[in-house]
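Heads up, the thing below is written out as structure tokens.
The values are calculated or read from the model by the stated rules, or taken from the named source; none is laboratory data. These figures come from a predicted structure and were not determined experimentally. Cβ placement follows ideal geometry from the backbone for every residue including glycine, while neighbour counts extend to all protein chains displayed.
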Amino acid sequence: MLNSDLTILIFIAVAAFAILLEGFVKFIELSGLSKEDSLIIVVLSLFAWAYLPPVELGEVGNLTLYLSFSGFILPAVVALKQIVAGNVSLKKAVSGTLLLTAACYLTSRPVEGGVGIVYPQLPIITAVVYSFLVERDKPAPLAYTCAVLGMSTGADALNIPKLCSRSINITVGGAGIFDAIYLTGIVSLIISTDFYLIKNFAKKNNIINIRKY
């Protein structure tokens, strides 16, 4: 009887988790990303975190550099795919990435075992505000692209020279369950999508009236 109840509880938990994942994937699709990209961000990233070990990139000075599938490789692939597919303007992506690189570099510092972000909310706010200022049609994909690429460059790549003298292993995108690269990208995407949907809802219901003079 106990085993039967436990099986039912496990089944309910798995079903609930699957429903939540499906709902989150559909929400990500509302941002302007394709279903394929949404599945990569939500589902494949979880699978990669659980089953795929980091890839060794090589040695830089005394440190050994690794790349995480879930925290770096997959987010970078999705971000670059937005540019290649034309979902995000190359010019706007480059400008935003440079802006985010500066914001991430200024708020990051080398710590024991890697790089820490002092004010993680600043890159997110920067990505969201920038995307809404330069891209009104589909700001969320731009925010995600700039956040991921800017975080990868400003927080990680530019700080590697400061860590070369240490005999340590560093995994880019491998701090905890998901690295700041993944989290900054996904949070920027969610916030941008929320504001975008609220804005469209307000327009459709005449809550906001825009008049041209």
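The table for this structure:
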read-out	value
Filter pass, S131 being of a type in the set (S, T, N, Q) and in a helix (DSSP H, G or I)	yes
Hey, G61 at pLDDT below 85 and closer than 23 Å to G154 by Cβ or not	yes
Residue in the stretch 141-169 that is modelled with the highest pLDDT, counting only those that are in contact with a helix residue (DSSP H, G or I) (Cβ under 7 Å, 6 or more places away or on another chain) and either part of a loop (DSSP other than H, G, I, E, B) or surrounded by fewer than 24 Cβ atoms within 10 Å (Cβ to Cβ) (or both)	T153
Residue match in the stretch 64-74 (condition: of a type in the set (A, V, I, L, M, F, W, C), surrounded by 12 or more Cβ atoms within 10 Å (Cβ to Cβ) and outside any helix (DSSP H, G or I))	yes
Residue in the stretch 104-127 that is touching a residue at least 60 places away in the same chain (Cβ under 8 Å), farther than 12 Å from Y144 by Cβ, surrounded by fewer than 19 Cβ atoms within 10 Å (Cβ to Cβ) and not hydrophobic (A, V, I, L, M, F, W, C) present	yes
Evaluation of A15 against (1) surrounded by 16 or more Cβ atoms within 10 Å (Cβ to Cβ); (2) farther than 30 Å from N200 by Cβ (one fails), failing number	(1)
Hey, A93 of a type in the set (A, V, I, L, M), surrounded by fewer than 18 Cβ atoms within 10 Å (Cβ to Cβ), free of Cβ contacts under 8 Å to residues at least 60 places away in the same chain and part of a helix (DSSP H, G or I) or not	no
Hits in the stretch 174-213 - residues which are at pLDDT 75 or above, touching a strand residue (DSSP E or B) at 6+ places or on another chain (Cβ under 9 Å) and of a type in the set (G, A, S)	A180
Close pairs (7 angstrom Cβ cut-off, 6 or more residues apart or separate chains): farther than 18 Å from S70 by Cα in the stretch 159-178, modelled with pLDDT under 70 and assigned to a loop (DSSP other than H, G, I, E, B) anywhere	I168/G113
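Quick grid of which residues meet (1) among the hydrophobic types (A, V, I, L, M, F, W, C); (2) out of contact with any Gly (no Cβ under 6 Å at 6 or more places or on another chain); (3) in a helix (DSSP H, G or I); (4) under 17 Å from Y182 (Cα atoms):
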site	(1), (2), (3), (4)
A13	yes, yes, yes, no
E22	no, yes, yes, no
I28	yes, yes, yes, yes
I40	yes, yes, yes, yes
E56	no, yes, no, no
